[in-house]
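The values are calculated or read from the model by the stated rules, or taken from the named source; none is laboratory data. Everything quoted here is computed from the prediction, not taken from an experiment. All Cβ positions, glycine included, derive from the backbone under ideal geometry; neighbour counts span all protein chains shown. Side chains are part of the model used for accessible areas, which takes the heavy atoms of the whole protein and leaves out ligands, DNA and RNA. Shrake-Rupley method; radii C 1.70, N 1.55, O 1.52, S 1.80 Å.
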Amino acid sequence: MQSPNFDVIIIGAGAAGLMCAQFAAAKGLRTLILDHSSRLAEKIRISGGGRCNFTNLNASPANYISNNPHFATSALSRYTPQHFCELLDWHGISYHEKTLGQLFCDDKSQAIIDLLDHLCQENHVQRKMNTSVLKIDKTLAGFELSTTQGSFNCAKLIIATGGLAIPQIGATGFGYQIAQQFDLKVIPTTPALVPLTIAPQDLPNYTQLAGISFLSETSLGKIKFIENSLFTHRGLSGPAILQISSYWNPGNKIAINLLPSQNIIEQIQHHRSSNKLLSNFLSNYFSQKLAHSLCDLLKFDVQLSQLSKTQLSAIEQLIHHFQICPSGSEGYKKAEVTRGGVDTNELNSKDLQSKHVAGLYFIGEVVDVTGWLGGYNFQWAWSSAYAAASNF
Ligand SMILES: Cc1cc2nc3c(=O)[nH]c(=O)nc-3n(C[C@H](O)[C@H](O)[C@H](O)COP(=O)(O)OP(=O)(O)OC[C@H]3O[C@@H](n4cnc5c(N)ncnc54)[C@H](O)[C@@H]3O)c2cc1C
C-alpha cells in the first residue's frame, strides 16, 4: 500500500483554505494547498470595499441561513470573532468597528492575506497555484489527486473551493462536483447578498426614486432588516436589500417601510391645520429629493389641511407598506455569496467531515451555511477551518 505523501491536502487557497492549512501545518502535519488561480484569496482582497469586513462581533448561528439552522453552532462557538481579533492583535493588524459589530481593517484587506500567507509559510505549508485538479480517487490510505502539476496522495482531503459568486475571479462549482462524486447531497444553490432587479415594464414606476438611498425596514415575511435601501436604474440594492435577497425566492414580494421609527399619519395629524405642502412636510423626515419623489409617486402634493382620507391612506400605504415584487437578481456576477451548497446533513458539525467518506472535509462557503452581510461569511470561513483542523 502506497503511503500518502501529504497528511492533508486542501483544495482552494481562499479564506477557509489558508486558515485551515496553517492550523494543520502548525500541528506538524504535512500540508499541501492547491488552487487553480494564480493569486491567493482574491475574495479577501476585494472584500469590504478593499478593507475586508473580516468578522462581526455579534456572530451567532441566528445570522446564518442553512437547511439546518443549528449546524454552525459548534464551529462558531469554538473559534469566535474574539479569537480572530486576538490573531490580528498579535500580528499588529489594526482594525475598527464600522457599524453593527462589523470589524474592518484600518488599512487594506491585503494585510489579512499577507498574515495568512505568512502563517502558512512559517508552518511550512506547501503550495501549488495555477493547479487544476483533474481527478480524485479514494484509496485505502486516503485520496489520490491527479492534477495539472502531477499526482499527490493524502490521508485527509479538505474542500475549500468556496461558492459561485464572482466567477470572473475564479469561483467555480468544483466543490459541489466533488460532493456529488462521493454521493453527498448538495442543496440547490442561488446567488445571495445580491441586488434584485425589477421587470423592465415596471421600472418606469420607480424612475423618480433611482439613485436615492434611504433608511428602511425591509421585510420578507417575518425576516426584517433595518438598514439602507437604494433604488437603482435596474432595481433595488443597498444593505437591507442585499440582506433580504438571501431569503428571497422568485415570486416573493418585499415590503419596505420607509419610516420605521415613526408613524407618518400621526405626524400629519399633529400638523393637520398647517398650510404646508405635503412635499415640504415630508422633507422633515426624508431628503428633499426623496420627499418630492414620493409626492410624484402619490400623484398629489397638497397642503396638509386639505388631505382627504383616501389621500392619507395612500400616504400610509406608500411610506409604511411599500410593496415590490422583484423580477430576479443580478446573479452570481454581482452576488457576494452563494446560498445552498453541500448539505449539512452529510457532515459532522464538530469537524465538517463527511459522515460517510472518512477523511473528506468541506469548509467555508461551499457548505450550506450562508452568512448575513457584515463579516459573518468570513467568520464562518475561519470557524469552519478551525473546526476541521482541530480534529486532524
Ligand atoms: C465582492 C465581495 C465582497 C465580500 N465582502 C465580504 C466581507 O466584507 N465580509 C465577509 O464576511 N464576506 C465577504 N464576502 C464573502 C466572502 O468573501 C466569502 O464568503 C469567503 O471568501 C468564503 O471563503 P472560502 O474560503 O470558502 O471561499 P473563497 O474565499 O472564495 O476561496 C475559494 C478558493 O478556491 C479556489 N477555487 C475555486 N474553484 C477551484 C477549482 N476548481 N480548483 C482549484 N481551486 C479552486 C478559488 O480560486 C479560491 O481561491 C464577499 C464576497 C464578495 C464576492
### Query
Highest mean first, what order results for 37-47, 177-187 on Cβ atoms within 10 Å?
37-47, 177-187
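Given 0.36 nm per residue, what is the gain on full extension from Asp296 to Thr148 after removing their alpha carbon distance, in nm? Provide the component values of the computation, followed by the final result.
Values: separation 148, 0.36 × 148 = 53.28 nm, distance 6.05 nm.
Additional length available on full extension: 47.2 nm.
Can you order the peptides 110-120, 154-164, 318-328 by their average number of other Cβ atoms within 10 Å per residue, highest first? Can you show the working numbers first?
On the way: 110-120: 19.5, 154-164: 27.1, 318-328: 16.2.
Highest mean packing first, the order is 154-164, 110-120, 318-328.
Calculate how many DSSP beta bridges within the chain are antiparallel, expressed in % of all such bridges and rounded to the nearest 5.
On the way: 46 of 63 bridges.
Close to 75 percent.
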### Query
For labels at Ser77 and Gln262 in the simple 7 Å Cα→Cβ model, what's the distance in nm?
4.4 nm
### Message
Please report the spacing between the Cα centers of the range 343-392 and the range 294-340 in Å, no decimals.
### Response
39 Å
## Note on the structure
For Lys185 and Gln168, extending 7 Å from Cα along the Cα-Cβ vector and measuring point to point gives, in nm, a value of 3.6 nm
### Summary
Mean separation of Cα contacts under 8 Å (at least 6 apart) over the residue count of the range 154-213, i.e. the relative contact order in percent, is 19 percent
### Message
If you consider only alpha-carbon coordinates, what radius of gyration and Dmax does the chain have, in Å?
### Response
24.5, 91
### Task
Could you state the angle between the C-alpha long axis of helix 110-122 and the longest principal axis of the C-alpha atoms of the chain, as a value from 0 to 90 degrees rounded to the nearest 10?
10 degrees
### Task
For Ser109, list long-range residues whose amide hydrogen, built 1.01 Å from N in the peptide plane, is under 5 Å from its own amide hydrogen.
Arg51, Cys52
### Rounded tilt (10° steps) of 309-320 against the dominant C-alpha axis of the chain
20 degrees
### Query
What does the accessible area per residue of the range 1-40 come to in Å², with a 1.4 Å probe and no ligands, DNA or RNA counted?
36 Å²
### Message
Given a 10 angstrom Cα cut-off, can you work out which residue in His356, His124, His91 is the most mobile in a GNM of the chain?
### Response
His91
### Query
For a paramagnetic label modelled at 7 Å from the Cα of Cys85 toward its Cβ, which residues of the range 28-66 fall within the zone defined by backbone nitrogen distances under 16 Å?
53-60
### DSSP-defined beta bridges in the range 196-329 - what % are antiparallel, rounded to 5
95 percent
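Please state the relative contact order of the chain as a whole percent: Cα pairs under 8 Å, 6+ residues apart? It would help to have the intermediate numbers written out before the result.
Numbers: 856 pairs, mean separation 95.9, N = 392.
It rounds to 24 percent for the chain.
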### Summary
Correct semi-axes for the range 196-329, from √(5λ) of the alpha-carbon gyration tensor and rounded to whole Å with the largest first, are 27, 15, 13
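As a test, work out the antiparallel percent of DSSP beta bridges whose residues both lie in the range 1-136, rounded to the nearest 5.
So the antiparallel bridges amount to about 45 percent of the total.
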### Task
Rounded to the nearest Å, what's the spacing between the alpha carbon centres of the range 238-256 and the range 274-288? Just the number, please.
29 Å
### Task
Considering only Lys299, Lys333, Lys138, give the residue with the highest GNM mean-square fluctuation for the chain, with springs between Cα atoms whenever their separation is below 10 Å.
Lys299
### Percentage relative contact order, the range 196-329, counting C-alpha pairs under 8 Å, at least six apart
30 percent
### Task
Please work out the Cα center distance from the range 148-200 to the range 29-89, rounded to the nearest Å.
16 Å
### Query
Angle between the Cα long axis of helix 81-90 and the longest principal axis of the chain, 0 to 90 degrees, nearest 10?
70 degrees
### Message
For the chain, set up a GNM with springs between Cα atoms under 10 Å and report which of Thr147, Thr99, Thr172 has the largest fluctuation.
### Response
Thr99
